[in-house]
1. So how do 35, 49 line up by other beta-carbon neighbours within 10 Å, fewest first?
2. Relative to the longest principal axis of the C-alpha atoms of the chain, give the angle of the C-alpha long axis of helix 111-128, reported between 0 and 90° and rounded to the nearest 10°.
3. First check a/c for the chain, with a ≥ b ≥ c the square roots of the eigenvalues of its C-alpha gyration tensor; if it is under 1.5, answer rounded, and if not, answer prolate when a/b is larger than b/c or oblate otherwise.
4. Does the range 33-95 classify as rounded, prolate or oblate by the C-alpha gyration tensor (a ≥ b ≥ c root eigenvalues; a/c under 1.5 gives rounded; else a/b over b/c gives prolate, otherwise oblate)?
5. How high is the FRET efficiency from residue 18 to residue 104, r the C-beta distance, R0 22 Å, rounded to 0.05?
6. Just rank 38, 8, fewest to most, by other beta-carbon atoms within 10 angstrom.
7. Quick one: among 28, 87, 52, which has the greatest mean-square fluctuation in a GNM of the chain with alpha-carbon springs under 10 angstrom?
8. How many angstrom separate the Cα center of the range 35-55 from the Cα center of the range 76-122?
């Protein structure tokens, strides 16, 4: 499997911090809920490790979540959705795993249902870049 099948990744000209704020605003504008933001660089620094900036942003759509859980409660293994903002070698990227993969693991969840989730997360990322 190649990276494009697994994840949707875009590069932005925004600074790391501005990109994070852009994602948070886009999540709110899309009507999704923000669950948590993890600062991986900060957490690892507290343990003595050095990393470039990386934040994991957990988000949720009640409509999509309810739909998937009604089909298979084990789909919660793939919840909530995550969007990451990372900096590598001076370049800032925004990325998410492709939710359409959920239907590969849970046959009662259709590709159409997961493509709808993927469309939303892609729109959040695209409007953030």
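Bear in mind that the values in this text are calculations on the coordinates, not laboratory data. All values reported here derive from a predicted model rather than from experimental measurement. Quick reminder, even Gly has a Cβ in these numbers, built from the backbone with ideal geometry, and neighbours come from all protein chains shown.
1. Going from sparsest to densest Cβ surroundings: 49, 35.
2. Between helix and principal axis, roughly 20 degrees.
3. prolate
4. Note, shape of the range 33-95 comes out prolate.
5. Approximately 0.05, to the nearest 0.05.
6. Ascending number of Cβ neighbours within 10 Å: 38, 8.
7. Result for the chain, Cα springs under 10 Å: 52 fluctuates most.
8. 21
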